[in-house]
Amino acid sequence: MDREHLRRDAPSGRTAVRTLPEQISDDLGAAIARGEFSGGERLLEQEVSNRYGVSRGPVREALRILAQRGLAVLYPRRGAFVVEVSLDSLVDLFNTRAVLVGLAARYFAVMATDEARARLSDAMNRLEIASRAEDADAVSFVRATTRFGQLIAHHCGSESLGRLIDHQNERSAWGSLWQTGRLDFQTPERRQAAAAVYRQMAAAIEQRDGASAGGAMRHMVMSSRESAAGALSTMRGQTYDARRLLSA
């Protein structure tokens, strides 16, 4: 695993280019979520440096980001240790996400400016292309959905809601879990089905139907939740409490 792996697999984040420490943190965090590291395991700087073929400077910053997201604990003079992340807590992340971005879509439908609506229409076109392209994959589709969601969050007309969504992106396991694009949208059929839901959402937004737009967004996140929970359960050989799979 090296820098080329990071550049190729990391979807676009909240900025045009994610820094090397952010990319390392995304990849390590996703590996922790997949169960490749055990709770309490020490993350040695040199081993992480070797894993990604980088110096220890970016690694130190990546470990600090992991700690901010609650995926590691930093102890002075002892280093970084992995935090045990349960499948239940990851399911909870999706439930929280669904509520936040569903509300953002509802706000956007009734409050967004004409300019923001035009930008969302362009993002929808890109998402459609990503869902149908012969060389499309899960990572490129996640990039397209990320752009769509960011536009809604940042132009929904509620600064406090936008900050909450950004906080989840930056300060929780979500920032690592979703960046690698490996938990959903693995087949053309799944990507096209998801694109159909996004079309419904975009149509509701165009009609200024906040309730329908919010419902479509919640449905989208919760369908991804079930795909991701199933994939993580298989990867980790663990189960989760199915009662947490709340309906949209």
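Coordinate-derived values only; no laboratory data. What you see is a predicted model; the values in this text were computed from it and never measured. When we count neighbours, we look across all protein chains shown, and the Cβ atoms used for this are built from the backbone with ideal geometry, even at glycine.
Observations on the structure shown:
- Centre separation in Å (Cα based) which lies between segment 68-97 and segment 162-234: 21
- Options 110, 82, 183, ranked by Cα towards positive dipole end of the chain, top entry (Cβ charges): 82
- Take the Cβ atoms of residue 235 and residue 96, set R0 to 30 Å, and the FRET efficiency comes out at 0.85.
- Normalised by the number of residues in the chain, the mean separation of alpha-carbon contacts (under 8 Å, six or more apart) gives a relative contact order of 28 percent.
- Sequence-separation-based contact order of segment 127-208, relative, with Cα cut under 8 Å and 6+ spacing, percent: 41
- For the chain, the membrane-span-like helices by this rule, meaning whole DSSP H stretches whose C-alpha atoms cover at least 30 Å of axis and whose Kyte-Doolittle mean is -0.5 or above, are 87-111, 210-236; this says nothing about an actual membrane.
- Cα gyration tensor shape for segment 45-142, rounded if a/c is under 1.5, else prolate or oblate: prolate
- Overall shape: oblate for segment 87-244, with the ratio a/c of the largest to smallest alpha carbon gyration tensor axis at 1.5 or above and b/c at least equal to a/b.
- Contour excess over end-to-end distance, with Cα ends at residue 134 and residue 64 and 0.36 nm allotted per residue: 21.3 nm
- Cut-off 11 Å between beta-carbons: net charge of the residues surrounding residue 206, Lys and Arg +1, Asp and Glu -1: +2
- Pairwise FRET efficiency - residue 41 versus residue 88, Cβ, R0 = 30 Å, nearest 0.05: 0.90
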